[in-house]
Amino acid sequence: MGSTKITTPDDPALGALCEQLAERAGAIDATGDWPGDSLRLCGEAGVFRWFLDPTFGGLDWNSEQVVRGYLALASACVTTTFVITQRTGACRRIAEGENDDLKAKLLPPLATGQMHATVAVSHLTTSGRHLNRPVLRATRKGDVWTLDGFSPWSTGADHSDVIVTAATVIEADEPTAEQILVAVPSDLPGLLTPPPPQFVGLSAAHTGRVEFDRVEVSDDYRVQGPVENVMSAGRSTMTGGHETSTLAMGLAAAAIEFLHGESDVRDDLIAIRKALEAEHTDLLENLLALTRGEPACSTQTLRQRANSLVLRATQAALAAAKGTGYVAGHPAGRWCREALFFLVWSCPQPVMNANLCELAGIVE
């Protein structure tokens, strides 16, 4: 990739990068190894600069431009792109936080790819949020916060320099209604990243548990808070909730493109391919409208439809590939396994219910 930088979603350099990512996607899936080489290529191409303010070396792309970039990347390698979305989540939290000194310290090296960051916030958004005892707790003494507990799901924490996490503030041994958001250096004593589990797909993203055993973090690394609902603070400028749908649609596009190639020599596939293409086009219009602040549907409806499309498109690709597609190493089989990810990753219960009804043939 060299020094070629991607400056717009229409830049030919994006296509060149995607070709390189696609070439590596199969090996990444087969080995489960961290996609370090693919991430390096993305850093060299300027992908990590897309959404950041120029003050920190960013390109300040708008939401629609970022989504279009992610769609291209996800069609090439959904594992690498998923890692990047979690990295982006960490950077955005820091960028929209209240600690200007921390922004100046971390964002420039994150923009160039010299550092890697991720988020560990699932305990506040999904897993563990309803427990009486907070799973990750923070106590303060002077200008030091001590973190105790764990976050069950964090992507690439074992390869990150900084882990952005949130903890419930404890006072007088009792949890308060407030939380803090902190950017924790991963080399601090007491921070542990056990080997991540092997998944049906996307194992190379190294998504697993992060443990905090009396980890002492200076207040200099506090991003936001203490405040109630810290996950809602500092995000007024963001269009959230569509990132996972974007990944699903990128993966669906790869499967549909495969069907396009097959239908060139098999007339029986033309109608199937055209129907999936039309659905993808319609859903893409809804996604882009959402990024422009002109939603034609809710993020929940978008997610349900994206889940449905990626499952059907990837299975159609496998069926079209026949027995060859069922051989380990064929992309169609990998795409089918990767599509299952969208049924379980941060999937709201109403979306899950809608997908289950569809699978059961129940018409609502």
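The values are calculated or read from the model by the stated rules, or taken from the named source; none is laboratory data. Quick caveat: nothing in here was measured; it's all calculated off a predicted structure. As a convention, Cβ positions derive from the backbone with ideal geometry for all residues, glycine included, and neighbour counts pool all protein chains shown. Remember, those area values only see protein heavy atoms, side chains included, never the ligands or the DNA or RNA. Shrake-Rupley method; radii C 1.70, N 1.55, O 1.52, S 1.80 Å.
Below is a table of values for the structure above.
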{"read-out": "Residues (assigned to a strand (DSSP E or B), open to solvent by 40 Å² or more (accessible area, probe 1.4 Å) and of a type in the set (S, T, N, Q)) located in the range 168-210", "value": "Thr176"}
{"read-out": "Test: residue in the range 36-59 that is touching a helix residue (DSSP H, G or I) at 6+ places or on another chain (Cβ under 6 Å), free of Cβ contacts under 8 Å to residues at least 60 places away in the same chain, of a type in the set (Asp, Glu) and open to solvent by 50 Å² or more (accessible area, probe 1.4 Å)", "value": "no"}
{"read-out": "Filter result for the condition that a residue is modelled with pLDDT under 95, more than 22 Å from the chain's Cα centre (by Cα), open to solvent by 40 Å² or more (accessible area, probe 1.4 Å) and not β-branched (Val, Ile, Thr), over Arg140, Arg129, Arg133", "value": "Arg133"}
{"read-out": "Every residue from the range 17-35 that is open to solvent by 40 Å² or more (accessible area, probe 1.4 Å), within 14 Å of Cys77 (Cα to Cα) and not charged (D, E, K, R)", "value": "Gln20, Ala22, Ala27, Ala30, Trp34"}
{"read-out": "Restricting the range 211-230 to residues that are crowded, with 19+ Cβ neighbours inside 10 Å and assigned to a helix (DSSP H, G or I), the residue that is nearest to the chain's Cα centre (by Cα)", "value": "Val230"}
{"read-out": "Filter result (more than 15 Å from Leu17 (Cβ to Cβ) and of a type in the set (S, T, N, Q)) within the range 56-75", "value": "Asn62, Ser63, Gln65"}
{"read-out": "Among residues of the range 308-336, those that are of a type outside the set (Gly, Ala, Ser) and surrounded by fewer than 20 Cβ atoms within 10 Å (Cβ to Cβ), counted", "value": "7"}
{"read-out": "Meets criteria (crowded, with 20+ Cβ neighbours inside 10 Å and either free of Cβ contacts under 8 Å to residues at least 60 places away in the same chain or touching a strand residue (DSSP E or B) at 6+ places or on another chain (Cβ under 9 Å) (or both)) for Arg93", "value": "yes"}
{"read-out": "Single residue of Ser154, Ser186, Ser122, Ser160 found to be more than 17 Å from Pro226 (Cβ to Cβ), at pLDDT below 95 and hydroxyl-bearing (Ser, Thr, Tyr)", "value": "Ser122"}
{"read-out": "Pairs, first open to solvent by less than 30 Å² (accessible area, probe 1.4 Å) in the range 337-353, second modelled with pLDDT under 95 and not in a helix (DSSP H, G or I), C-beta under 7 Å, six or more apart", "value": "none"}
{"read-out": "Residues (at pLDDT below 95 and either under 13 Å from Ala254 (Cβ atoms) or of a type in the set (S, T, N, Q) (or both)) located in the range 326-353", "value": "Ser346, Gln349, Asn353"}
{"read-out": "Total residues in the range 15-39, condition over 22 Å from Glu338 (Cα atoms) and either part of a loop (DSSP other than H, G, I, E, B) or within 19 Å of the chain's Cα centre (by Cα) (or both)", "value": "0"}
{"read-out": "Filter result (of a type in the set (Val, Ile, Thr) and closer than 30 Å to His123 by Cα) within the range 309-363", "value": "Val310, Val344, Val351"}
